[in-house]
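The values are calculated or read from the model by the stated rules, or taken from the named source; none is laboratory data. These figures come from a predicted structure and were not determined experimentally. Cβ placement follows ideal geometry from the backbone for every residue including glycine, while neighbour counts extend to all protein chains displayed. For the accessible areas, the whole protein counts, side chains as well, though only heavy atoms, and no ligand, DNA or RNA atoms are used. Shrake-Rupley method; radii C 1.70, N 1.55, O 1.52, S 1.80 Å.
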Amino acid sequence: MESLLPIIIQFVTGVIAGNSVSSILKQTALGPIGRTLAGAIGGVGGTFILGLLGGGDLTSAMGALAGSAVSGAAGGAIMSGGLGAILGMLKK
C-alpha cells in the first residue's frame, strides 16, 4: 500500500488540477471526461518526468507525499490546459 499511495495522490491531484485549470480557462474542447483523463495522465506522467529530470531531490526535500501532490497537480494542470488549448485551436 505504501507504494500505491503516491500514485493515488498523483492521480487525484492531477484530476483536480486538470479540471480546475480547464474550467478557469473556460475550455470546452475536451469535455468533462477528457479533462479528467488528461489530468489523471498528466498527474502521474508529470511526476514521472520530474523524477527523470532530477526532481527527485525536490520531492524528497518536501516529503514524499507532499512532493507527489505538488508534482501531480502541476502535471495535471499542464497536460489538461495544454491539450485543451491545442484542441481548441484545431477546432477553429
- Message: I'd like the orientation of helix 31-52 relative to the chain: the angle between its Cα long axis and the longest Cα principal axis, in ° from 0 to 90, rounded to 10.
- Response: 40
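Under a 1.4 angstrom probe, counting protein chains only, how are SER71, SER3 ranked by accessible area, largest first?
Working: SER71 10, SER3 90 Å².
Reading off the accessible areas and sorting them downward yields SER3, SER71.
All other residues with a Cβ under 14 Å from the Cβ of LEU83 taken together, and with Lys, Arg as +1 and Asp, Glu as -1, what is their net charge? Present the calculation step by step, with values, prior to reporting the outcome.
Values: positive: ARG35, LYS91; negative: none.
Value of the local net charge: +2.
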- Binned Cα-Cα distances of the chain, short to long, each 5 Å bin given as a whole percent: 3, 19, 25, 21, 14, 10, 6, 2, 1, 0
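Report, in deg cm²/dmol and to the nearest 500, the calculated mean residue ellipticity at 222 nm for the chain, where each DSSP H run with n ≥ 4 adds -39500 (n - 2.57) and the sum is divided by the residue count. Walk me through the numbers on the way to the answer.
Numbers: 4 runs with 78 residues, N = 92.
Rounded to the nearest 500, it is -29000 deg cm²/dmol.
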